[in-house]
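Enquirer: The structure's right below; bear with me while I get my questions together.
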Amino acid sequence: MPSTTTTTRSNDAPRLLRTLCNHWRHKFEIRRDDDTHAFIPFVDAGQGADFRVHGETLRIVLALDDAGSMTRYQGVIENHLQRFARDETLAFDWQTA
């Protein structure tokens, strides 16, 4: 399955992940192991975004079968995280895995 990956730096990466999960919990069956890891299944249990906090970074691996959906969900993830980041500007550089 095609996937893309990005890592963004934040002053509070765990808070960003927690806020994103809380925001989407009514739409998706989110798997959240702890404050440093979550999987959001956008399509099904195998297609979605895996989020992992490492210190001040948030690594995102997005895996979807459809290339058009991949681009759309990259934008959705970026827009939501940027909105939740408050006063900081996040940078995203998606790379094909």
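Here, each number is a calculation from the coordinates, and none is a lab measurement. Just so it is clear, the structure is predicted and the values come from calculations on it, not from any experiment. Using ideal geometry, Cβ is built from the backbone for each residue, glycine included, and neighbour counts are taken over all protein chains shown.
Enquirer: Would you check which residues across segment 41-90 are assigned to a strand (DSSP E or B) and among the β-branched types (Val, Ile, Thr) and list them?
Expert: Applying the first criterion (assigned to a strand (DSSP E or B)) to segment 41-90 yields 41-44, 47-54, 57-63.
Result: 43, 53, 57, 60, 61.
Enquirer: Specify the residue that is surrounded by the fewest Cβ atoms within 10 Å (Cβ to Cβ); the eligible residues are those in segment 44-79 that are of a type in the set (S, T, N, Q) and more than 10 Å from the chain's Cα centre (by Cα).
Expert: That would be 79.
Enquirer: How many residues, within segment 51-87, are touching a Leu at 6+ places or on another chain (Cβ under 8 Å) and under 12 Å from residue 3 (Cα atoms)? Let's see the steps before the verdict.
Expert: Narrowing segment 51-87 to residues touching a Leu at 6+ places or on another chain (Cβ under 8 Å): 51-53, 58, 70, 73-74, 77-78, 80-82, 84-85.
If we keep only those that are under 12 Å from residue 3 (Cα atoms) as well, we get 70, 73-74.
Residues that pass the stated criteria total 3.
Enquirer: Could you count how many residues in segment 8-22 are surrounded by fewer than 16 Cβ atoms within 10 Å (Cβ to Cβ) and either in contact with a helix residue (DSSP H, G or I) (Cβ under 7 Å, 6 or more places away or on another chain) or within 18 Å of residue 72 (Cα to Cα) (or both)?
Expert: 0
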